[in-house]
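Down below is the structure, laid out as structure tokens.
None of the figures in this text is laboratory data; all of them are computed from the coordinates on show. It should be emphasised that the depicted structure is a prediction, and the values quoted were computed from it without experimental measurement. We place every Cβ from the backbone using ideal geometry, glycine too, and count neighbours over all the protein chains shown.
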Amino acid sequence: YIDLVFEWQGRYFVADYKSNWLGPDDAHYTPQAMAGAILHARYDLQYALYLLALHRLLAARLPGYDVDRHIGGAAYLFLRGIGAPGAGIHFDRPPRA
């Protein structure tokens, strides 16, 4: 299930909370470490499917919907790594296919 869909500045995003253990402190939740965990667990496929579902919902319900203007991307929040500002958050907006 999608944990959260939110709108910010006219764009819609999916967010997913992850409790993966990458190490004992914020230093282990680097962009590279989170990207590696995402690829290992195939969360990249998960958020592509979530964004597809969001796209279909918005296309059906939002007047004037445009994927390039309204889809913001996916944020994966590694809960164990969120301590310092911006730490523990992986963001991606896959290219339009």
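Assorted remarks:
- Scanning segment 20-40 for residues that are in contact (Cβ under 8 Å) with a residue 60 or more places away in the chain and in contact with a strand residue (DSSP E or B) (Cβ under 8 Å, 6 or more places away or on another chain) returns a single hit, ASN20.
- If only residues of segment 8-38 that are surrounded by 11 or more Cβ atoms within 10 Å (Cβ to Cβ) and more than 17 Å from ILE82 (Cβ to Cβ) are counted, the one that is nearest to the chain's Cα centre (by Cα) is VAL14.
- The residue of segment 41-88 that is farthest from VAL14 (Cα to Cα), among those that are within 12 Å of the chain's Cα centre (by Cα) and free of Cβ contacts under 8 Å to residues at least 24 places away in the same chain, is LEU45.
- Of everything in segment 47-67 that is touching a strand residue (DSSP E or B) at 6+ places or on another chain (Cβ under 7 Å) and not aliphatic (A, V, I, L, M), the residue that is surrounded by the fewest Cβ atoms within 10 Å (Cβ to Cβ) is HIS55.
- Scan of segment 74-97 for residues that are surrounded by fewer than 15 Cβ atoms within 10 Å (Cβ to Cβ) and either within 17 Å of ASP3 (Cα to Cα) or of a type in the set (D, E, K, R) (or both), ordered by number: LEU79, ARG93, ARG96
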